[in-house]
1. Look through 37, 20 and report the one residue that is touching a residue at least 60 places away in the same chain (Cβ under 8 Å) and closer than 24 Å to residue 386 by Cα.
2. Which pairs have Cβ atoms under 6 Å, sit 6 or more apart or on different chains, and link a residue in segment 189-202 that is in the same structural domain as residue 161 (by TED's automatic domain parsing) to one that is surrounded by fewer than 18 Cβ atoms within 10 Å (Cβ to Cβ) and in a loop (DSSP other than H, G, I, E, B)?
3. When you go through 558, 578 one by one, which is the residue that is in contact (Cβ under 8 Å) with a residue 40 or more places away in the chain and either under 30 Å from the mean Cα position of the chain (by Cα) or not assigned by TED's automatic domain parsing to the domain that holds residue 639 (or both)?
4. Of the residues 278, 243, only one is touching a residue at least 60 places away in the same chain (Cβ under 8 Å), under 19 Å from the mean Cα position of the chain (by Cα), closer than 26 Å to residue 332 by Cα and not assigned by TED's automatic domain parsing to the domain that holds residue 128; which?
5. Going through segment 612-628 one residue at a time, which ones are farther than 25 Å from residue 537 by Cα and surrounded by 16 or more Cβ atoms within 10 Å (Cβ to Cβ)?
6. Quick one: which of 10, 26 is in contact with a strand residue (DSSP E or B) (Cβ under 9 Å, 6 or more places away or on another chain), within 15 Å of residue 405 (Cα to Cα) and assigned by TED's automatic domain parsing to the domain that holds residue 435?
């Protein structure tokens, strides 16, 4: 790997830095307008061109402009905002900007091959938690055990315990608990340790059940109820339950979860620059909690990679103040400090930038090997940096006289320092992107793929679109309105193929108890209950691993937990019916000769009995169960998720809408279409799939944007 060209020294010589040295971390300080962001972007551009994937945490939206680049330095329509502010026509301003960029770029000795490398061999993806302007990213906590956790616990117990401690902390943060909740933390840690130690994956739902009724009797040296009482466990379970029921909490779970195997994977030879724009998160504490979660996921991923001290990945944290302050302990601080101490062993370099060095923990400053100090706004900030970095007394005078785009640069382990100016950027540098601009930049990119077990769509989408056009109501000879398309997409719905068993009596004379087993399938969504569909099991032999756009995949419940909940609801309902029938029977017997009352009670009993029979039939037919079994012996054993594609089109006319749905073989599916019409939750779930073709076709591609 070549050295990174960062800028020029005051004597005119170029400044390059050894990529390996970046694993010892860097800090960049500078007031607003000092050129701090330009310097950091220059390093990011250099890293990406040389094949180093980048994760950039962007609290204020300043980094996404890395996605605005072109081979001729023409940046419309994104330069139009500045043109308007300056009173220039958009085309005139764009032409002048292109000339300026081209000249500045050439003056620094760059060739066309460098620019071509950045434009054609890198890809900027903007991820937007709690927002759909970019690629939505979810904060759904992964409770799957880390790879080889049992082995890790035996060979590297400190690392294993770190993983447990960090995951428990993040779960409690989501539930609204703070650092003082030590007992709740111990309980969650114990539950995770028990599950991960047996290589068992938890979901939020099963975690709530474990909190309510733990499978262990002791917590540490105390009996469970002595360590944490029933009331505290119920309160913890209630708060966790909010995460799966409250609409506001659910906003955290929209989008795909961070998967660095995919985020850092090169797509068509392009090195990814993953920008996480935090502006969609409404509160500072929310941003801190999300950053904690994101960095935890990065840490878990790093622990599964081969150890190396050569630079493999780069983490850039813009405006880090507030996330790692000197005194307070916000959610993000612990994991960031942890990464600073351990990431070098995994080849991760960390660059942190801030305009407020006084608001950053001194340990962050002192651990950095590369230090870049630009123009600072107060004497206090200059002195803080000078003492935190153990700079000489002459450094104060040097830093206080720096001009815009000038930086005092120190390499700590080599004892070198110089005054430098960052190089000209290959991307367009301007203020924060607007949401509509993020959407435009994202629309031109292929969505990151997600790997699922799925059945193929056997009919071309174009053929289904033609079928829809035939069925669409057109304007007649006498006028009237015609149907218009509102929604069009191929959506992959989740199905769970599962096993079950129960005990039954056999034999005419001497009844023997035997264990019966079976298999079936069900749509694995909480929002929809279409009953059991055992016929789908015949298709599972055709299931294969598919790389799909995550926006077209409706994530399902990947366990039998959903089935257990429905079984519990059924049992409760059947018991209620039985109790009601028993009560009605007693009332009927006690009414003596009152024929009218007895007739009314009889009709009521027949109605309740039919309702009970109907509900049981819905459950038993799909599982081919005998008419009478002991439900208390019935249990679901295991389940495996697979996905089936459906092409869905929504049409509207005169404020009335309807759905057309085709299955994978091109046959209309009225069951799904009817469910969409009557089930609002199901409609909302499918219509938020951002891969809708009609909407994406309305947005120009990135090539058109850059001309």
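The values are calculated or read from the model by the stated rules, or taken from the named source; none is laboratory data. What you see is a predicted model, and the numbers here were worked out from it, not measured in a lab. Backbone-built Cβ (ideal geometry, glycine too); neighbour counts: all protein chains shown.
1. Result of the check over 37, 20: 37.
2. Cβ pairs passing all conditions: 201/144.
3. Working: 578 fails: in contact (Cβ under 8 Å) with a residue 40 or more places away in the chain.
Only one candidate passes the filter, namely 558.
4. Details: 278 fails: not assigned by TED's automatic domain parsing to the domain that holds residue 128.
Only one candidate passes the filter, namely 243.
5. 612
6. Working: 26 fails: within 15 Å of residue 405 (Cα to Cα).
When all the criteria are applied, what remains is 10.
Conditions (1) closer than 30 Å to residue 170 by Cβ; (2) surrounded by 20 or more Cβ atoms within 10 Å (Cβ to Cβ), marked per residue:
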site: 47; (1), (2): yes, yes
site: 50; (1), (2): no, no
site: 67; (1), (2): yes, yes
site: 85; (1), (2): no, no
site: 93; (1), (2): no, yes
site: 99; (1), (2): no, no
site: 114; (1), (2): no, no
site: 148; (1), (2): yes, no
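Conditions tested, residue by residue: (1) surrounded by 13 or more Cβ atoms within 10 Å (Cβ to Cβ); (2) in contact with a helix residue (DSSP H, G or I) (Cβ under 8 Å, 6 or more places away or on another chain).
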{"residue": "185", "(1), (2)": "yes, yes"}
{"residue": "191", "(1), (2)": "yes, yes"}
{"residue": "208", "(1), (2)": "yes, yes"}
{"residue": "214", "(1), (2)": "yes, yes"}
{"residue": "221", "(1), (2)": "no, no"}
{"residue": "227", "(1), (2)": "yes, yes"}
{"residue": "231", "(1), (2)": "no, no"}
{"residue": "238", "(1), (2)": "yes, no"}
{"residue": "244", "(1), (2)": "yes, yes"}
